[in-house]
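Participant: Okay, handing you the structure first.
The values are calculated or read from the model by the stated rules, or taken from the named source; none is laboratory data. All figures in this text were calculated on a predicted structure; none of them were measured in a lab. Positions of Cβ are backbone-derived with ideal geometry, glycine not excepted, and every protein chain shown enters the neighbour counts.
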Amino acid sequence: MKFSVILPAHNEEQFLQGALNSIKKASEAFPGEVETIVSLNRCSDKTEEIAIKNGAAVVREERKCLSAIRNAGVKAAGGEIVLTLDADSRMSPDTLSEIEARLSSGKYIGGGALILPERWSLGLVVTALYLAPFIFRFDWNLSAGLFWCRKEDFWAVGGFNENLISVEDLDFARKLKDYGKRKGKKYGTLWKAGITTSCRKMDRFGDWFFIRHPLLGFRLLTGRDRKAADLYYYDFNDKSPKT
């Protein structure tokens, strides 16, 4: 198996089919060489049913910890190359081809991808500008959204840090980049084969949510604020309080 695509999923029945369809499209260039693993987390809807119907394997991890949820999927992976994609996002049709080309070149350790929202608004632009200095204190050259690397390198950096309940993605990106430097390789970003992600949290909370609640972004970026992480990630649904 060449590729294993891991999707962490907590009650994703509204979005999972779109993610799976995008993986199937990208897999056309690699017949029989792509597996999809949905890592179920406290699901009470039809997420598992949709995953199985589409031929995906499923694993379970019940902790409120995205690191643990993603790691559980990678542990079950049989592919040489692993990717993590959120269940409310869609990859480009060229994503897998671009990843193979970069890794085959021997120049890249792995990397992330350009992230585009499914819609734009003034509130989203202002929010992105507000959060950018906090996010990129990790490293201005990092990207996230969809992570890709060889499975052996994923575990060489320890996978996602299960002591973090948020910003585990930026932490992983920094670890992978530093590891790549030691190996003489670069951290890459898929600029032409990025991902499109839903705006469901903004649809629920409002496009100006972080501007109205400026401290929440900082609290999430500590990686250890359980109340903030539960509000915005683990207990989020379309009926979550707008606060």
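Participant: Only residues that are in contact with a strand residue (DSSP E or B) (Cβ under 9 Å, 6 or more places away or on another chain) and under 18 Å from residue 82 (Cα atoms): list them for the range 25-50, please.
Facilitator: The answer is 25, 26, 27, 30, 33, 34, 35, 36, 37, 38, 39, 40.
Participant: Could you name every one of the strands (runs of 3 or more DSSP E) located completely within the range 46-94 that has at least 1 residues being over 17 Å from the mean Cα position of the chain (by Cα)?
Facilitator: Strands (runs of 3 or more DSSP E) meeting the threshold: 57-60.
Participant: Within the range 147-203, how many residues are over 24 Å from residue 116 (Cα atoms) and not basic (Lys, Arg)?
Facilitator: Looking only at that region, the number is 16.
Participant: For the range 151-165, check the following and say yes or no: at least one residue is touching a helix residue (DSSP H, G or I) at 6+ places or on another chain (Cβ under 7 Å), β-branched (Val, Ile, Thr), under 22 Å from residue 72 (Cβ atoms) and buried (at least 22 other Cβ atoms within 10 Å of the Cβ).
Facilitator: yes
Participant: Looking only at helices (runs of 4 or more DSSP H) that fall completely inside the range 147-243, which ones have 2 or more residues that are small (Gly, Ala, Ser)?
Facilitator: Qualifying helices (runs of 4 or more DSSP H): 168-182, 226-229.
Participant: Search the range 51-70 for residues that are under 17 Å from residue 18 (Cβ atoms) and pair each with any residue that is not in a loop (DSSP other than H, G, I, E, B) when their beta-carbon atoms are under 6 Å apart and the residues are at least 6 apart or on different chains.
Facilitator: That search, which allows pairs on different chains as well, returns 51/38; 51/58; 54/20; 56/36; 56/38.
Participant: Filter the range 125-136 down to the residues that are at pLDDT 90 or above and surrounded by fewer than 16 Cβ atoms within 10 Å (Cβ to Cβ), then identify the one that is farthest from the chain's Cα centre (by Cα).
Facilitator: Checked the range 125-136; the qualifying residue farthest from the chain's Cα centre (by Cα) is 126.
Participant: I would also like to ask the following. Here is a check on your reading of the model: is residue 22 touching a strand residue (DSSP E or B) at 6+ places or on another chain (Cβ under 9 Å), hydroxyl-bearing (Ser, Thr, Tyr), surrounded by fewer than 16 Cβ atoms within 10 Å (Cβ to Cβ) and in a helix (DSSP H, G or I)?
Facilitator: Criteria not met by residue 22.
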